[in-house]
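Colleague: Take this structure first; my questions come after.
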Amino acid sequence: MHRIAPYLAVLICVYLPSRVVRGQNVDVKVFDPVASPYGLLNVHASKPLDHLGFYLALTTNYANDLLVGLTTDPLATEQTTTRPVAHRITMELAATLGILGWGEVGFALPFFLSQQSSRSPFDNGASFVDRRGLGDLRLWAKARFLKGKRFLGFGLGLVAEVGFPTGRKNAFMTSGGFSFIPRLIIDWRHSRGYLIAINIAYKLQKKQVIGDLIVDDELRLGLGAEVPLSFHGLSLIAEVNSAISVLERGANKKTLDNVPIEITGAIRWRHRSGFLLTVGTGFGISRGYAAPDIRAILAFGWGLGFERPTAPTVSKPKLVVVNVVEKPKSNRNLRRDGLVDREVKPQTFEPYRPLPRVLFDKVTISDPDPDGDGIPNSRDKCPNEAEDFDGFEDEDGCPDPDNDKDGIPDHLDKCPNEPETINGIDDDDGCPDQGPKQVQLVGTKIKIQQKIFFAAASDKIDPKSYGILKQVAAFMKQQFHIRRVLVEGHTDSGGDKDMNVDLSERRALSVMQFLVKEGVAAHRLEAKGFGPKRPLADNATKQGRAQNRRVEFTIVRVARILAPRPTSKTPAPQPKAPTPTKLKAPPKPSPAPKPKPTPPTKKTP
């Protein structure tokens, strides 16, 4: 682009021997890169780093025609275009430290690697400005007053920046004195990474005059936005920045436009390790000083601990036991597993006039077997449902659609009296198989022996994890007493914390939707993303980060099976009639012993 940008400062030589005025103490640098992983290019965001979070940025940019003017020779009939700052390459080192999670402090030091100017025909070969040197050091402090999560995503912050005249003099590299810039930040941030930010700043600086150019206090305005892309951690950034002179305008208003306006755009890539890469370009849409014809931007950033996991703010799930009587007499809300589901609404019936309780009890007593299964009510646990007499618990009077309680109905179960083994081998035939179990119940967790994989930076489940998820679904259908399971998504600490929490929740929802498609009732599942808040291992190692990226299944509600309680309405069992006993005949008396004969006695004469 070949454009005469401001008609600046008529760097006029009234007399030929005096030549063109050399470089002065005017800082033609309006682009000040933001040293924050949450900010944009030249526009700040209200969100600060975490406490003691550290961020280091190195930004290089090339600008063309930052300063263009006209020189007039009294002996010539035409004006000559001069370019005091025709080409400039700037490298800026900046660092930021988070304070208490609501503020941060930082510094930035620019270094001009190369600065070239065009040569005037009246300059006798001399250059206008020096070729390289330091710029003005900047120190700043930022505080956040409104946190976006509490105010529908809107944030409010304030930045106080102080500039020191450390730049090389007479080279358009310094303002020639101290400067102070208070900046107001108003932004809106979405949980998925969308950002819109507005900056309103006022720069107090030393007044400088070069020919017709007067540089004094400025009102600096900035508007920027960031839109995340759906893959690979990329996002698009767009900005508009301007600096309006408040107290003084150019003396020659016909040839001087003192309102630089620049549009910039960039693409940014974030890595989970905290590394940021930004590539962008920009151009000036006005003829004000410091508005280049073209600008190219290359920035590197890296953070240490700015995504450090914090203490969990979500309480751990509690195991809730619901006491439910097994197979109650009323069949309302009765599920196939024989348990009452508290979350199902009672079945509606057509309006009718019910029998009084007294008449109902009389009818029930008069009919000892209302379901006609041959088992009287005194021994029938399900008096209104007939026994199926399939050889399994036929004496309780209740039908048994799933004898082995493996979640597969008997009419589809090839082994109705042997529960299925959930191990990924023919889990739908209802028969136990040889092989280790891939899904097990351990305490309040459903443990899986395989890891669930997703596409990179996405909630799309990898097809190689379909098998283990189908086993989890089969296990839940088998364990009917598990009423509610929390699907937990977890990530490591790399990258942006809010994006990690959002990604973990979307992955948990994807797993939940997969289980519902496999036949698990939706009311038995809920999903929650915790991001990096609950690490299992150290995020400093590659193995630890891989272990922290996981999906867990936590049981939060179960149903405890109890025996039915006897009620006062249940008729008491009638006493059994005494069984007659056979009377035994009295034993025959033993015969009396015969008297022994006494020996004869001899008579004496």
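Colleague: Modelled with pLDDT of 85 or more and either more than 17 Å from residue 508 (Cβ to Cβ) or of a type in the set (D, E, K, R) (or both): is that true of residue 486 in this structure?
Modeller: No; evaluated as a whole, the condition is false for this residue.
Colleague: Next question. Are there any pairs, at least 6 apart or on different chains, whose C-beta atoms fall under 7 Å, with the first in segment 523-534 and in contact (Cβ under 8 Å) with a residue 24 or more places away in the chain and the second among the hydroxyl-bearing types (Ser, Thr, Tyr) and surrounded by fewer than 18 Cβ atoms within 10 Å (Cβ to Cβ), and if so, which?
Modeller: As it stands, the answer is 533/310, since those pairs meet every condition given.
Colleague: Among the candidates 495, 489, single out the residue that is among the small types (Gly, Ala, Ser), in contact with a strand residue (DSSP E or B) (Cβ under 7 Å, 6 or more places away or on another chain), buried (at least 19 other Cβ atoms within 10 Å of the Cβ) and farther than 14 Å from residue 553 by Cα.
Modeller: 495
Colleague: Inspect segment 511-521 for any residue being in contact with a strand residue (DSSP E or B) (Cβ under 7 Å, 6 or more places away or on another chain), part of a helix (DSSP H, G or I) and more than 20 Å from residue 448 (Cβ to Cβ) and give the result as yes or no.
Modeller: Within segment 511-521, none of the residues are in contact with a strand residue (DSSP E or B) (Cβ under 7 Å, 6 or more places away or on another chain), part of a helix (DSSP H, G or I) and more than 20 Å from residue 448 (Cβ to Cβ).
Listed here are the residues, each with its yes/no results for (1) touching a residue at least 12 places away in the same chain (Cβ under 8 Å); (2) of a type in the set (Phe, Trp, Tyr); (3) part of a strand (DSSP E or B); (4) within 18 Å of residue 174 (Cβ to Cβ).
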position	(1), (2), (3), (4)
192	yes, no, no, no
196	yes, no, yes, no
203	yes, no, yes, yes
206	yes, no, no, yes
223	yes, no, yes, no
227	yes, no, yes, no
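Colleague: Going by the conditions given, is residue 200 loosely packed, with under 15 Cβ neighbours inside 10 Å and either out of contact with any strand residue (DSSP E or B) (no Cβ under 9 Å at 6 or more places or on another chain) or in the same structural domain as residue 36 (by TED's automatic domain parsing) (or both)?
Modeller: yes
Colleague: Test of understanding: among 226, 161, which residue is surrounded by fewer than 22 Cβ atoms within 10 Å (Cβ to Cβ) and at negative phi?
Modeller: Just a single option satisfies the conditions, and that option is 161.
The values are calculated or read from the model by the stated rules, or taken from the named source; none is laboratory data. Remember, predicted model here, so these are calculated numbers, not experimental data. We place every Cβ from the backbone using ideal geometry, glycine too, and count neighbours over all the protein chains shown.
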